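A short worksheet on the structure shown next.
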Amino acid sequence: MAVALYARVSTVRQAEKDLSIPDQINQMRDWCQANGYVVAMEYIEPGASATDDRRPVFQQMIADATSDSEPYEAIIVHSRSRFFRDMFEFLNYERRLKRAHCKLVSITQITSDDPAGEMASKIFSLFDEYQSKENGKHTIRAMKENARRGFMNGSRAPFGYRAIEIEVMGAKGKKKKKIDIDPVESEIVKKIFHLYLFGNEYGHMGAKEIATYLNDKNIKLRTQKWNRGRVHEVLSNKAYIGEYYFNKRNNKTGELKSSDEWIKVEIPAIIEASTFEDARIRRAERAPAKVPPRLVNSPTLLTGILKCGICGAGMTLATGKGGRYRYYKCNTRIGKGNHLCTMPAVSMEKLDNLVLTTLADKVFTPERVSTMMQEMRKRVVQRNKEQSNNAQPLQKELEELNQRNERLFEAVEKGFLPMDETLQARSRSIQTRRQDILLEIASMKRQQDMPVDALNQKNIKVFIQVLKEKLTDRKSNFGKQYLKGLIQQIVLKDGEATISGSYDAMASAIVETKKMGTELTVPTFASSWLLNLGSNQGPTD
């Protein structure tokens with residue numbers, strides 16, 4: 001009888017360093033020779049779990065066995081656990097093989113074909129599944145404890161870090177490892193954050209531009225080239241501020257586990273927490289759900305903020321005479337036809353220059369900006385009064401929650417109440433609400449801490465001076481960055497452009513100017529104390 005052999009180990013490391021697979025193959029060959037079977041095929045699966053069927057060699061074997069040619073009459077395994085460690089899946093594939101007239105035989109767990117043999121077969125499979133789950137439970141428990149003590153569990157350290165051996169012995173006489181800063185990679189991480197927050201001499205840089213910059217300089221992500229996604233992974237990885245967790249995701253499904261199952265591993269920080277937070281805020285500002293991608297990425301100055309005053313559609317770049325002439329044209333006319341909107345095309349160069357010079361000479365003047373900031377101060381005072389009234393009931397509720405929590409713990413300490421799951425759930429509910437209130441109060445306090453004093457004549461004058469320089473600097477991308485930060489939209493109608501902007505963005509820009517002086521780079525305009533206090537509008541001929 002022609003047969004096939006199937007040997008498997010769970011990990012690649014076992015396949016490389018263990019003798020299990022050669023031992024399985026040798027025992028099965030000897031068994032086949034003793035029983036008069038001819039080995040037609042040998043299937044070897046290095047580094048695959050038997051808890052599911054996501055195994056390429058296994059699937060190839062099943063496809064061969066169930067093909068019309070029927071190349072062999074039986075599949076031989078050392079033990080049933082080599083085939084599957086899930087009873088239902090085991091029985092499912094065993095039935096498929098039987099329909100193809102192919103048996104499954106274990107040389108160490110031989111069963112008969114009668115009902116007693118079928119029952120024994122199911123019992124073997126059930127025990128294999130149970131043993132697999134128990135082994136997994138004990139393994140993850142040991143790995144969690146290893147992580148709590150600050151040791152690595154075999155996975156590769158995040159980019160920017162490296163694994164170093166320490167003088168603590170682990171299993172099998174091997175030294176344990178900890179995560180430490182890699183002196184070369186960590187500098188690349190710092191560079192990425194710096195470029196994202198401050199750009200370079202040519203202006204602001206997004207993730208795509210940073211990836212191009214690094215690739216052009218042959219700076220790699222270990223052996224791989226950078227792309228937008230990999231840059232974003234660096235910018236969003238809290239490991240760089242010392243927050244690294246083990247057991248965050250399910251190894252099989254990739255799903256995020258509940259945060260109470262995460263194990264924090266103490267590692268050194270590469271960047272300051274404030275730097276990471278600034279990058280987070282900037283990523284949130286540039287998210288497609290908040291800022292249209294065309295506004296973030298378009299090299300055209302007014303794309304994304306220029307609107308048609310007749311039909312309300314956006315206006316975008318159009319060209320004529322083979323690209324020699326560039327215009328802003330209504331999207332309705334471009335996409336649906338000229339007969340649906342009467343807005344004429346506008347020269348891009350003329351409108352860009354008109355908007356920038358008008359903003360610099362007429363809108364952002366010391367007198368006009370001072371008037372805007374006076375109005376904003378009034379609104380801030382009114383808002384602070386309202387928030388003070390709102391904070392009082394929150395403070396009262398916070399005190400009540402603290403008292404309730406104290407009473408619960410006191411009752412447990414004195415033995416009046418057991419610390420069971422119900423009580424733990426009540427305590428968690430109190431703590432969750434308490435954290436929500438603290439965050440809300442902290443948010444109010446940040447907004448009340450707005451540096452109103454910074455909105456004075458001296459700082460406004462410096463801001464106006466710097467802004468004019470940036471708006472009229474057409475060689476760099478700064479003009480567009482400032483325009484995007486300060487202007488919400490520009491509406492064209494009947495030869496007139498109506499420009500709308502935000503008070504809070506203006507105030508933030510003034511405060512940033514006070515901090516940075518005249519050496520401003522890319523504007524961020526995102527102070528945490530700002531609310532949307534409205535906009536200011538003004539027509540421009």
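Given the whole protein assembly as supplied and a 1.4 Å probe, what does the accessible area of ARG368 come to in Å², nearest 10?
90
Taking a cut-off of 12 Å, what percent of all Cα-Cα pairs in segment 188-227 are separated by more than that?
Numbers: 425 of 780 pairs.
Tail fraction, whole percent: 54.
Between ILE281 and ASN353, with labels modelled 7 Å along Cα→Cβ, what's the label distance in nm to one decimal, could you check?
About 3.7 nm, to one decimal.
Across segment 347-362, in residue order, what do the Karplus-derived ³J(HN,Hα) couplings come to in whole Hz, using 6.51 cos²θ - 1.76 cosθ + 1.60 with θ = phi - 60° and x for Gly and Pro?
4, 5, 5, 5, 5, 4, 5, 4, 5, 5, 5, 5, 4, 5, 9, 10
Within segment 164-234, report the chymotrypsin sites (Phe, Trp or Tyr not before Pro) that DSSP leaves as loop and that have at most 14 other Cβ atoms within 10 Å. Please list the in-between numbers first.
Numbers: sites: PHE193, TYR196, PHE198, TYR202, TYR213, TRP226; in loops: TYR202, TRP226.
Answer by residue number: TYR202.
In segment 173-222, which trypsin sites (Lys or Arg not before Pro) fall in coil by DSSP and have 13 or fewer other Cβ atoms within 10 Å?
Details: sites: LYS174, LYS175, LYS176, LYS177, LYS178, LYS190, LYS191, LYS208, LYS217, LYS220, ARG222; in loops: LYS174, LYS217, LYS220, ARG222.
Qualifying residues, ordered by number: LYS174, LYS217, LYS220, ARG222.
Each residue of segment 174-186 in order: what ³J(HN,Hα) in whole Hz does its phi give by Karplus 6.51 cos²θ - 1.76 cosθ + 1.60, θ = phi - 60°, with x for Gly and Pro?
8, 6, 6, 10, 10, 8, 9, 6, 8, x, 7, 5, 5
Could you list the residues of segment 192-230 with an amide nitrogen less than 15 Å from a label point located 7 Å from the Cα of VAL184 in the Cα-to-C-beta direction?
Flagged as within label range: 218-225.
Subtract the Cα-Cα distance of ASN200 and THR498 from 0.36 nm times their separation in residues, and report this length gain in nm to one decimal. Present the calculation step by step, with values, prior to reporting the outcome.
Details: separation 298, 0.36 × 298 = 107.28 nm, distance 3.25 nm.
That pair, ASN200 and THR498, stretches by 104.0 nm at full extension.
How would GLU209, GLU165, GLU397 rank on accessible area, largest to smallest, probe 1.4 Å?
Values: GLU209 80, GLU165 120, GLU397 60 Å².
Order by accessible area, largest first: GLU165, GLU209, GLU397.
Could you sort THR319, THR223, THR332, THR111 by their accessible area in this structure, using a 1.4 Å probe and putting the largest first?
On the way: THR319 85, THR223 125, THR332 25, THR111 50 Å².
From most exposed to least exposed: THR223, THR319, THR111, THR332.
For segment 46-86, state what percent of all Cα-Cα pairs lands in each successive 5 Å bin, counting from 0 Å until the bin that includes the largest distance.
For segment 46-86, the binned pair fractions read 5, 21, 28, 27, 14, 5 percent.
At a Förster radius of 45 Å, what calculated FRET efficiency corresponds to the Cβ-Cβ distance of HIS101 and ASN250, to the nearest 0.05? Mind showing how you got there, number by number?
Working: r = 38 Å, r/R0 = 0.85.
Computed FRET efficiency for HIS101 and ASN250 comes out at 0.70.
Can you list the GluC sites (Glu not before Pro) in segment 37-111 that are in a DSSP coil and have 13 or fewer other beta carbons within 10 angstrom? Display every interim value, and only then the final one.
On the way: sites: GLU42, GLU73, GLU89, GLU94; in loops: GLU73.
Of the GluC sites (Glu not before Pro), not one in the loops of segment 37-111 has a Cβ with at most 13 other Cβ atoms within 10 Å.
Length gain on complete extension for the stretch ILE140 to GLU261, per 0.36 nm per residue less the alpha carbon to alpha carbon distance? Display every interim value, and only then the final one.
Working: separation 121, 0.36 × 121 = 43.56 nm, distance 1.12 nm.
That pair, ILE140 and GLU261, stretches by 42.4 nm at full extension.
Given a Förster distance of 35 angstrom, what is the FRET efficiency for THR422 paired with ASP53, based on the Cβ-Cβ distance and rounded to 0.05? Provide the component values of the computation, followed by the final result.
Working: r = 41 Å, r/R0 = 1.18.
With R0 = 35 Å, the Cβ-Cβ based efficiency is 0.30.
With the crude spin-label approximation of a point 7 Å out along Cα→Cβ, what separation in nm comes out for GLU243 versus LYS174?
Result: 3.1 nm between the two label points.
Once the whole set of protein chains is in place, how much accessible area is left on LEU104, using a 1.4 Å probe, in Å² to the nearest 10?
Around 30 Å² of this residue is reachable by solvent.
On full extension of the chain, what length is gained from ARG149 through ALA345, given 0.36 nm per residue of separation minus the C-alpha to C-alpha distance? Mind showing how you got there, number by number?
On the way: separation 196, 0.36 × 196 = 70.56 nm, distance 6.71 nm.
Stretched out fully, the ARG149 to ALA345 stretch lengthens by 63.8 nm.
Which order do ILE210, ILE110, ILE21 take by accessible area at a 1.4 Å probe, largest first? It would help to have the intermediate numbers written out before the result.
Numbers: ILE210 0, ILE110 110, ILE21 25 Å².
Descending order: ILE110, ILE21, ILE210.
Taking R0 as 30 Å, what FRET efficiency do you get between ALA411 and THR432 from their Cβ-Cβ distance, rounded to the nearest 0.05? Walk me through the numbers before you get to the answer.
Working: r = 20 Å, r/R0 = 0.67.
In this case the efficiency is close to 0.90.
So, taking all protein chains as they sit and a 1.4 Å probe, how much accessible area belongs to MET87, in Å² rounded to tens?
Spelled out: MET87, probe radius 1.4 Å, area about 30 Å².
Ignoring any ligand, DNA or RNA, what whole percent of the accessible area of segment 166-211 comes from carbon and sulfur when the probe is 1.4 angstrom?
Details: 1440 of 2550 Å².
That share works out to 56 percent.
The values are calculated or read from the model by the stated rules, or taken from the named source; none is laboratory data. Everything quoted here is computed from the prediction, not taken from an experiment. FYI the Cβ positions are ideal-geometry reconstructions off the backbone, even for glycines, and counts take in every protein chain you see. Just so you know, the surface numbers come from the protein's heavy atoms only, side chains and all, with ligands and any DNA or RNA stripped out. Shrake-Rupley method; radii C 1.70, N 1.55, O 1.52, S 1.80 Å.
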